[in-house]
Amino acid sequence: MPIVSRNPSTGEIIKQFESYSDECVDKLLLKSYSAHKKLKKISFNKRAVCMMAVARILNTESEKLGKILTQEMGKTHTSAIAEIKKSALGAEHYAITAEDYMADDIIKTNALKSYRSYQPIGPILAVMPWNYPVWQVIRFAAPAIMAGNTVLLKHASNVTQCALYLEDIFKRAGFHDGVFQTLIIPSSKVERVLRNENVRAATLTGSEIAGSSVAAICGQEIKPTVLELGGSDAFIVMPSADLEKAAAVGTTARTQNNGQSCIAAKRFIVHAEVYEVFKEKLVRNFAALKIGDPMKPETDIGPLVSQSSLNEVEDQVKNALDCGAELLCGGKAIKGQGYFFQPGIIEKIPKSARIYSEEIFAPVAGLYEVNSIEEAIELANDSPFGLGSSIWTSELDEQKQAIDDIEAGATFVNAMTSSDPRLPFGGIKRSGYGRELAAEGLRAFCNIKTVSIHE
Ligand code: NAP
């Protein structure tokens, strides 16, 4: 079966790709291993020159590459360009910091000298999602390559043009053949790649089902994994919050990327004292969003990625309403071509509704009313996920309680959760394990070798 790129604004097929044969994949895996052996001997300086070139190409070609993102997965062209520019910053960050992140770490013992030595481990399979087709790849690939590992990208099947474009950027930036390779294969061929001896580790960003499958296979093969999975982040609003700002940022936090972000604010947990006022502001903001052609600069929200995503969110909303929840605005598919959906807000969500515990990967906010910070944190933690979280309060004790007690990989105070190359990123519970970005992201795929030198 061919691998298909389809424009979610129209539903039309843009391009089809033949999957690589097993023989071709095996050759690429071998090439990846040879490229790793060569890369690890190349100085940080030389790697950094190439990584800076990756950043430069991303910046220069953001307009052109941005159009491909918009065509293949529907994000607005404005946000596609922002994603590509952020990716350039990520590449620059590792070009500048990798040598320091990998510097030997001296430990005092009774040996002459002992230290941690950070060493690359080899080819790594990166199974990546379509929602941030450039950023998700760069945030893994830049540290991996700067560390001396090589990258095998199995991108989501709907963004193959992006995947090939990225491979080409790394080549043009001066990295030798085999450092960054795209594998055009369906997910059913991932197991075969993971079991190949040349592949030393895997990282997956995507759904729980895909993550647990990759981790199970890697468990059998004794290969390390990093999993970045789904989220249902809490966005807590307490009485001392700046409500206008919280509602404005909350609107962006829920609807960015057409509502398809792992770290989107999905559950708004609001103190009773300010519930009605906050609700009114959020509804007003959602109603003002412009939905339409993602290529137009005035558009806030483009289409969902696929017909199945549209069906899924419609089912989730229907189920919530059947369980007794109330729809405050939007929350419906828009008739016509493409997979457009009116952003919605739902309140009075009972525990029996699917969206109480499931991720909503579309622009639908769940609104919950609570009477105390303790109740807010308890509700925030009553989720299988633990990716990001955000709390809005000027009370220092509430900030501390949230930081100490919310079960998540991140807590942002008076700001929405976001990723930044300087800060580690990742989740707990069913949101995954391991960390990307910062020093942790680079060291995730390093052999931390113990060195102990005696007389
Ligand atoms: P997905 O269906 O799991 O796809 C992600 C990647 O996994 C794709 O490359 C896909 O390939 C592959 N895949 C699917 N099933 C697989 C399997 N059984 N074995 C091996 N690989 C498999 O996820 P999605 O729907 O594209 O992405 C949305 C999910 O990703 C959401 O839950 C979102 O929250 C999560 N996400 C998490 C983060 C984070 O940092 N924590 C960031 C972004 C997204 P095919 O396309 O060929 O099926």
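Output the residues belonging to region 170-188 that are surrounded by 17 or more Cβ atoms within 10 Å (Cβ to Cβ) and of a type outside the set (S, T, N, Q).
PHE170, ALA173, PHE175, GLY178, VAL179, PHE180, LEU183, ILE184, ILE185
List the strands (runs of 3 or more DSSP E) inside region 313-430, counting only whole elements, that have at least 2 residues being over 28 Å from GLY441 (Cβ atoms).
Correct list: 326-329, 344-347, 364-370.
Only one of ALA103, ALA91, ALA98, ALA126 is assigned to a loop (DSSP other than H, G, I, E, B), small (Gly, Ala, Ser) and at pLDDT 95 or above; which?
Numbers: ALA91 fails: assigned to a loop (DSSP other than H, G, I, E, B); ALA98 fails: assigned to a loop (DSSP other than H, G, I, E, B); ALA126 fails: assigned to a loop (DSSP other than H, G, I, E, B).
The unique qualifying residue is ALA103.
Only one of SER9, SER34, SER43, SER21 is of a type in the set (Gly, Ala, Ser), assigned by TED's automatic domain parsing to the domain that holds GLU99 and under 26 Å from the mean Cα position of the chain (by Cα). Can you tell me which? Outline the logic, then answer.
Working: SER34 fails: under 26 Å from the mean Cα position of the chain (by Cα); SER43 fails: under 26 Å from the mean Cα position of the chain (by Cα); SER21 fails: under 26 Å from the mean Cα position of the chain (by Cα).
Unique residue meeting the criteria: SER9.
Residues that are more than 9 Å from the ligand (Cβ to nearest atom), under 30 Å from GLU407 (Cα atoms) and assigned to a loop (DSSP other than H, G, I, E, B): does region 178-197 have at least one?
no
So the check is Cβ under 8 Å with 6+ separation or different chains; which pairs have a first residue in region 172-190 that's closer than 13 Å to LEU39 by Cβ and a second one that's in a helix (DSSP H, G or I) and within 16 Å of the ligand (Cβ to nearest atom)?
Listed by first residue and then by second, the contacts come to PHE180/ALA141; PHE180/LEU166; PHE180/GLU167; GLN181/GLU167.
Which residues, taken from region 204-221, are more than 18 Å from VAL25 (Cβ to Cβ) and crowded, with 22+ Cβ neighbours inside 10 Å?
Hits for region 204-221 are THR205, GLY206, GLY211.
Looking at region 419-432, which of its residues are within 13 Å of the ligand (Cβ to nearest atom), surrounded by 17 or more Cβ atoms within 10 Å (Cβ to Cβ) and more than 12 Å from the chain's Cα centre (by Cα)?
Within region 419-432, PRO424, LYS429, ARG430 qualify.
May I ask you to list pairs of residues, at least six apart or on different chains, whose Cβ atoms are under 7 Å apart, with the first in region 201-221 being under 24 Å from ALA147 (Cα atoms) and the second being more than 9 Å from the ligand (Cβ to nearest atom) and in a loop (DSSP other than H, G, I, E, B)?
If the second residue must be more than 9 Å from the ligand (Cβ to nearest atom) and in a loop (DSSP other than H, G, I, E, B), the pairs left are ALA201/ILE121; ALA201/LYS223; ALA201/PRO224; ALA201/PHE445; ALA202/LYS223; GLU221/ARG195.
From the list ASN110, ASN149, pick out the single residue that is more than 19 Å from the chain's Cα centre (by Cα), closer than 24 Å to ARG443 by Cβ and away from the ligand (no atom under 13 Å from the Cβ). Walk me through how you get there before you give the answer.
On the way: ASN110 fails: closer than 24 Å to ARG443 by Cβ.
None of the other options fit; the residue is ASN149.
Can you tell me which of (1) buried (at least 24 other Cβ atoms within 10 Å of the Cβ); (2) over 27 Å from VAL4 (Cβ atoms); (3) of a type outside the set (Asp, Glu); (4) more than 7 Å from the ligand (Cβ to nearest atom) is the one GLY231 doesn't meet?
Of (1) buried (at least 24 other Cβ atoms within 10 Å of the Cβ); (2) over 27 Å from VAL4 (Cβ atoms); (3) of a type outside the set (Asp, Glu); (4) more than 7 Å from the ligand (Cβ to nearest atom), only one is false for GLY231: (4).
Looking at (1) in contact with a strand residue (DSSP E or B) (Cβ under 8 Å, 6 or more places away or on another chain); (2) of a type in the set (S, T, N, Q); (3) within 16 Å of the ligand (Cβ to nearest atom), can you tell me which one GLN119 breaks?
All conditions pass for GLN119, except number (3).
Here are some residues: ALA402, ALA376. Which one is away from the ligand (no atom under 16 Å from the Cβ), within 24 Å of THR255 (Cβ to Cβ), modelled with pLDDT of 95 or more and in contact with a His (Cβ under 8 Å, 6 or more places away or on another chain)?
Working: ALA402 fails: in contact with a His (Cβ under 8 Å, 6 or more places away or on another chain).
Selected residue: ALA376, the only one of ALA402, ALA376 that is away from the ligand (no atom under 16 Å from the Cβ), within 24 Å of THR255 (Cβ to Cβ), modelled with pLDDT of 95 or more and in contact with a His (Cβ under 8 Å, 6 or more places away or on another chain).
Which condition from (1) over 21 Å from the mean Cα position of the chain (by Cα); (2) in contact (Cβ under 8 Å) with a residue 60 or more places away in the chain is the one that GLY90 breaks?
(1)
Looking at region 225-252, which of the residues that are outside any strand (DSSP E or B) and among the polar types (S, T, N, Q) is nearest to ILE263 (Cα to Cα)?
Looking only at region 225-252, we keep the residues that are outside any strand (DSSP E or B), and these are 229-232, 238-252.
Adding the requirement that they be among the polar types (S, T, N, Q) leaves 232, 240, 251-252.
Details: SER232: 7, SER240: 24, THR251: 13, THR252: 12 Å.
By that ranking, first place goes to SER232.
Among the listed residues SER390, SER383, SER352, SER357, identify the single one that is without any contact (Cβ under 8 Å) to a residue 60 or more places away in the chain and either within 15 Å of the ligand (Cβ to nearest atom) or under 24 Å from SER207 (Cα atoms) (or both).
The match here is SER352.
Within region 240-260, does at least one residue satisfy the condition of being surrounded by fewer than 20 Cβ atoms within 10 Å (Cβ to Cβ) and either within 21 Å of PRO120 (Cα to Cα) or within 16 Å of the ligand (Cβ to nearest atom) (or both)?
No; the residues of region 240-260 include none that is surrounded by fewer than 20 Cβ atoms within 10 Å (Cβ to Cβ) and either within 21 Å of PRO120 (Cα to Cα) or within 16 Å of the ligand (Cβ to nearest atom) (or both).
The values are calculated or read from the model by the stated rules, or taken from the named source; none is laboratory data. Please read all numbers here as calculations on a predicted model, not as lab measurements. Quick reminder, even Gly has a Cβ in these numbers, built from the backbone with ideal geometry, and neighbours come from all protein chains shown.
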